[in-house]
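Participant: Please find one structure pasted underneath; my questions will follow.
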Amino acid sequence: MQVLPINHPLRLEALEDTQLLDSLPEESYDRFTRLACHILKAEVSLISLVAETRQFFKSQYGLGEPLRTTRQNDISYSFCRYVVEGGAPFIVEDAVSDPRVSKNPAVTELGIAAYLGIPISTPDGCILGSLCAAGTSPRSWSANDLRNLSDLAAAVCREIELSEQSLVIRNTLKNLEDRSQVLERDLRTTVHDLRTPAGAISSCLELISLNDDARSQETMELLDICQESTASLLDMLQQLLVNGHLKASQGQMLDIQSVSASQLLRRAARVTRTMANEAKVKLDLTWPDELIYLMVDERLIERVFLNLITNAIKFSPAGGSVRIRMRREGTPESPLCRISVIDHGPGVPDSEKLRIFEEFATGSNTSNHAQASFGIGLGFCKTVVDTHGGQIGVEDAPDGGSSFYCVLPALANG
């Protein structure tokens, strides 16, 4: 997990990116707070998302009014902020005598006397908030209490991941439909096909939300269907990359905007995470201690990142990892950002390091789950990056494998 301060811009960006803040109640989340109260015999349970000045309750069970309706309160009332700040479970057995929280308004005004909170995070480890249980009487939390709430918190994290995958699908469909006039003939069939796996995922998630037993065999089968449908969707998106490449080769105008590099990379990792899980490859994202804004065509550069990450997964052995890194480069007058995608695959021979970026070039090395080809994708990436005035290439990774990198124009620091 990435332990970042409450007000760290990268953490707040990840929180906003989930689109869960101020969202409506959902049964798929409410079942976890009900289960927490039932299993731990607690009076209150919350899925609390900790923002900079407030905490928002994506789900609550046992709260009285007005909090049951408002589903939020000021950060000064929050015990869950300590879960975020510590990156670990936060345990309070007698709040009145605990110097860490004894003066907290939740104790002095709301009467909270006991609390147990477990971190909930994004798939790339950024802590969003807490699944917690609380009561108005002191109590000793047992090892079983900690273990049970941790299991439920892991299920909440999985639910967030599924929600984000569904969001990716909805956004993809919307973007495709918005461009339907430009790509009318090609995309009409594609959009229709995209709705089939998207519909399967939506139906499965709906059935899961109606299932009280979050660990049943039926639930696991539904999750498998979601993963298979998502993989099918990603295969179709790969075909759209080819269309994008053809458009770019005809001199398509770039829509240059300021966009967060970490947000684009996080989005690309979210789309490819199912593929990585199936290949038993871990995605490892690490950010610098700042937000870096690129000056790019967001849609095209996101496709570049998707292609680089997808290739890295394909050429990584099972049990390996794909590391995604970014750092600021250039000068104050010409600021740049370098993004690297590093795999533990067989590497790229020196004789092929330039050739693989040519259209239709193929590579000779493979992994257990990759074909001996880089295909049209890297040629597309080079076209896009070159059009932005950037640079793309591949180097040998220090500990084996390859480091594909692109250097893109950025905004100056501050």
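Throughout, read-outs are computed from the coordinates displayed, never taken from laboratory work. All values reported here derive from a predicted model rather than from experimental measurement. Cβ sites come from the backbone with ideal geometry, for glycine too, and all protein chains shown count toward neighbours.
Participant: Taking the Cβ of Gly390 as the center, what net charge do the other residues with Cβ under 12 Å away carry, scoring Lys and Arg +1 and Asp and Glu -1?
Facilitator: Cβ neighbours under 12 Å give a net charge of -1.
Participant: Next question, about the same structure. Tell me the label-point distance for the pair Ser351, Ser23, using the 7 Å Cα-to-Cβ offset, in nm and rounded to one decimal.
Facilitator: My value for the distance between the label points is 5.2 nm.
Participant: If you stretched the chain out fully between Glu329 and Asp74, how much longer would it get, using 0.36 nm times the residue separation minus the C-alpha to C-alpha distance?
Facilitator: This chain segment gains 87.9 nm when fully extended.
Participant: List the relative contact order of the stretch 293-351 as a percent without decimals, with contacts defined as Cα pairs under 8 Å and 6+ residues apart.
Facilitator: So the answer I get is 33 percent.
Participant: Beyond a 21 Å Cα-Cα separation, which of these cross-linked pairs lie in this structure: Lys58/Lys282; Lys353/Lys382; Lys280/Lys314?
Facilitator: From Lys58/Lys282; Lys353/Lys382; Lys280/Lys314, over 21 Å: Lys58/Lys282.
Participant: Could I ask something else about it? Can you tell me the FRET efficiency between Ser102 and Glu65 if r is taken as the Cβ-Cβ distance and R0 is 35 Å, rounded to the nearest 0.05?
Facilitator: My answer for the efficiency is 0.85.
Participant: Follow-up. Using modelled amide H (1.01 Å from N, peptide plane; none on Pro or chain starts), what sits under 5 Å from the amide H of Ala113, excluding residues fewer than 5 places away?
Facilitator: Under 5 Å from the amide H of Ala113: Gly135, Thr136, Ser137.
Participant: Let me ask something else about it. Label the stretch 65-125 by shape, choosing from rounded, prolate and oblate, from the square roots a ≥ b ≥ c of the eigenvalues of the Cα gyration tensor; if a/c is under 1.5 it is rounded, and otherwise prolate applies when a/b is larger than b/c, oblate when it is not.
Facilitator: Note, shape of the stretch 65-125 comes out oblate.
Participant: Moving on. Based on the alpha-carbon gyration tensor of the stretch 1-154 and its eigenvalue square roots a ≥ b ≥ c, which shape applies: rounded if a/c is under 1.5, prolate if not and a/b is larger than b/c, or oblate?
Facilitator: rounded
Participant: Taking the Cα-to-Cβ direction at Leu167 and at Ser137 and moving 7 Å from each Cα, how far apart do the two end points lie in nm?
Facilitator: In this crude label model, Leu167 to Ser137 measures out at 4.0 nm.
Participant: Under a plain spin-label model, where a point goes 7 Å from the Cα along Cα-to-Cβ, how far apart in nm are Met295 and Asn413?
Facilitator: Distance between the two pseudo-spin positions: 1.8 nm.
Participant: How much length, in nm to one decimal, is gained on full extension between Asp255 and Arg54, taken as 0.36 nm per residue of separation minus their Cα-Cα distance?
Facilitator: Full extension of this stretch gives 68.8 nm more.
Participant: Follow-up question, since we're still on this one. Which FRET efficiency, nearest 0.05, do Gln217 and Glu278 yield, Cβ-Cβ r, R0 22 Å?
Facilitator: 0.65
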